[in-house]
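What follows is a single structure, written as structure tokens, with notes after it.
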Amino acid sequence: TDAFFTYRKNVLVAKSPSTQIEGVFAATTGRLVPEEREALLQQWLEEGVGNLPASEGVPAVRKVSVTLTSDWLEGSELLMTSLSDLNTSPEVTPCADQQHSQLNALASSELQDHAVAELARLPSEETVTVAGSAPWAAVVPQTDHQTAGCAGINVEVLNDDPAVLAWGLSCDAETVPPVLPAQPIQDAVPFYPVPTEVPYHEILWRDWEDLSVQPCVLEQVSKNTPLFEFRVMSYNILAQDLVEQGLDLYVHCHPDILSWNYRLPNLLQEIQHWDPDVLCLQEVQENHYWEQLEPTFKEMGFECFYKRRTGTKTDGCAVCYKHSRFQLISLSPIEYFRPGLDVLNRDNVGLVLLLQPVLPESLGLKAVSPLCVANTHVLFNPRRGDIKLAQVALLLAEIDKIARTAEGSYYPVILCGDLNSVPDSPLYKFIRNGELSYHGMPAWKVVSGQEDFSQQLYSRKLLAPLWPSSLGVTDKCQYATLCQPKKLGRREYSRDFLLQFRFCDVACERPPQLVLLEGVTDAKPVASAREHSAVTAVPKRHNSLSLLDKQCSGVIQHGLNLTSVYSHFLPQRGRPEVTTMPMGLGATVDYIFYSAEPVESKSGKCRRLYKDGALKLLGRLSLLSEDVLLMANGLPNPFCSSDHLCLLASFGLEISSL
């Protein structure tokens, strides 16, 4: 498998065009020399084919099928075609004489000459027809006003499976040029087939993982307890302004697939296919939201709320919910910027909503708990983990205010967003475990995984307190004004607390003003009991002091009991999950956290364990690994129009009788 991936990656490098397309294919810099390609191909043949059964030896060479509907064919489109059609049998066909001459020119290139030389060593060519195969129709994305809003590639999917349809690109039949009649080419160059049949639509295949068979859900089913089921999606859709400001991050992409007119239909089709009931979006450009996204979402049955980033930023966060499933109880936008505070001097924002699920009338007198939904996009800067931590603390304080019930407990909470932190970071552990000791920690380490600045001599360290008391947020991520005032002499000095001092030296001395009453105030402490009390009182006093020292030493906490929808690891592949691929490096920075019930751990030192409570996780859309996304040329690509993958989860809320 590794040899196959290496071979495929080098084929990609050899065929990828430069940013400036001249003619059909531009000269590619950094191409492997023929000797290296020959050695790589020979190694792949020896290792890959040697592992196949005798009946599955080297497949016969077959011609590649490409149906051209424009006057050029990009290297990226050729790659997309080869990934799905290298194992199919149709022939390369042009749409006009111009394409014919261009492909003949391609046949005479250095790369093709070497390919022909390698293929000459293989068995004679034979034609094999694969059932269900279909050629690609590669259409050049148009930039004129007539085709604005239409995707540029029309994918003819192989079947009606939803996962296949999800990655098909939307296309307006009225604006796409008709496919010209195909003509066979006699000198078409055959490409060497891959060792296994991997159509391109299967590369980005994402399975739906049904988690409703877990014991806590089965227990509800056995009790015939109904559940209010709903889906939540979190998606960083990549603001167009940020694309244009950072084009160096997307040098692997053809400029046409970075166009907003190309990306918008794909994003909308993906959202419409998965049909979430609650939609949390990040990097939503303001003019695109008001002019295109909100009108479209309202037609899809969503009620939408938007918060733009402060300052000069043009993007923000949006939360949409279907008004047929939820009703709004309260809305609270959050601005993390605080003038004069270095730890809160960035323009990131968030949204916190309290929603009431709408039950069908057929259920009669039933009730379901309100749901708190939060969405945010935390600062990216890897060096400023202190800002990230303060932003998250401010968000958790807002959630604490919105989700807290009159009894002091919490409604179920779902927290979505791009946190720009990886799963093994202290920031992630703080959200999941509810506690973090940050004093003296390097600021970059709070986002461990983005970059490692441990070699720097002068790194910023976090000091306690992280933010001043004037912010009005306590170390428990609660607003100070909402904390119940504590009455001295009651909760701190309870009866059990005072009893531990009943045999101390001060308590054993008779006050001079005490009236002597026989049988009442004439009793004297027993020496043995006095010694025993002295032994037991010391550790209790030590524990009370340790809690005070803990708060003064830079420890922050929260009591929301949140756990992640995803496990961040793909056991079947033995690789970590990724949600984004900046500069070709996969990482997980997007999350969906939800309320759960903590489970006591025997060791007491490992990470906190959870089980589903009133809010149950029923399913999730699987993520992909880095190697799979590399096969699809990273993110974004012609199928995924953002540099992040969407996250999708299905939940169930317990429905109780009134």
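A few remarks follow.
- Looking across the stretch 286-343 at every residue that is small (G, A, S) and more than 25 Å from the chain's Cα centre (by Cα), the one that is nearest to P465 (Cα to Cα) is identified as G340.
- The residues of the stretch 622-658 that are among the polar types (S, T, N, Q) and farther than 20 Å from Y591 by Cα, listed by number, are N633, N637, S656, S657.
- Single unsatisfied condition, I592 versus (1) within 12 Å of the chain's Cα centre (by Cα); (2) not in a strand (DSSP E or B): (2)
- I592 meets each of the listed conditions (1) touching a Ser or Thr at 6+ places or on another chain (Cβ under 9 Å); (2) among the β-branched types (V, I, T); (3) open to solvent by 10 Å² or more (accessible area, probe 1.4 Å) apart from (3).
- Hey, E202 touching a residue at least 60 places away in the same chain (Cβ under 8 Å) and within 30 Å of P265 (Cβ to Cβ) or not: no
- Within the stretch 421-464, restricting attention to residues that are at pLDDT 85 or above and surrounded by fewer than 17 Cβ atoms within 10 Å (Cβ to Cβ), the residue that is farthest from L341 (Cα to Cα) is D424.
- Filtering the stretch 636-648 for residues that are touching a residue at least 60 places away in the same chain (Cβ under 8 Å), open to solvent by 20 Å² or more (accessible area, probe 1.4 Å) and farther than 24 Å from P215 by Cβ leaves a non-empty set.
- Taken over the stretch 240-254, the residue count meeting the criterion of being touching a residue at least 40 places away in the same chain (Cβ under 8 Å), out of contact with any His (no Cβ under 8 Å at 6 or more places or on another chain) and surrounded by 15 or more Cβ atoms within 10 Å (Cβ to Cβ) is 6.
- Scanning the stretch 273-302 for residues that are in contact (Cβ under 8 Å) with a residue 60 or more places away in the chain and either assigned to a helix (DSSP H, G or I) or surrounded by fewer than 19 Cβ atoms within 10 Å (Cβ to Cβ) (or both) returns H273, W274.
The values are calculated or read from the model by the stated rules, or taken from the named source; none is laboratory data. As the structure is a prediction and not an experimental result, all values here were calculated from the model. As a convention, Cβ positions derive from the backbone with ideal geometry for all residues, glycine included, and neighbour counts pool all protein chains shown. To get the accessible areas, we keep the full protein, side chains included, count just its heavy atoms, and leave off ligands, DNA and RNA. Shrake-Rupley method; radii C 1.70, N 1.55, O 1.52, S 1.80 Å.
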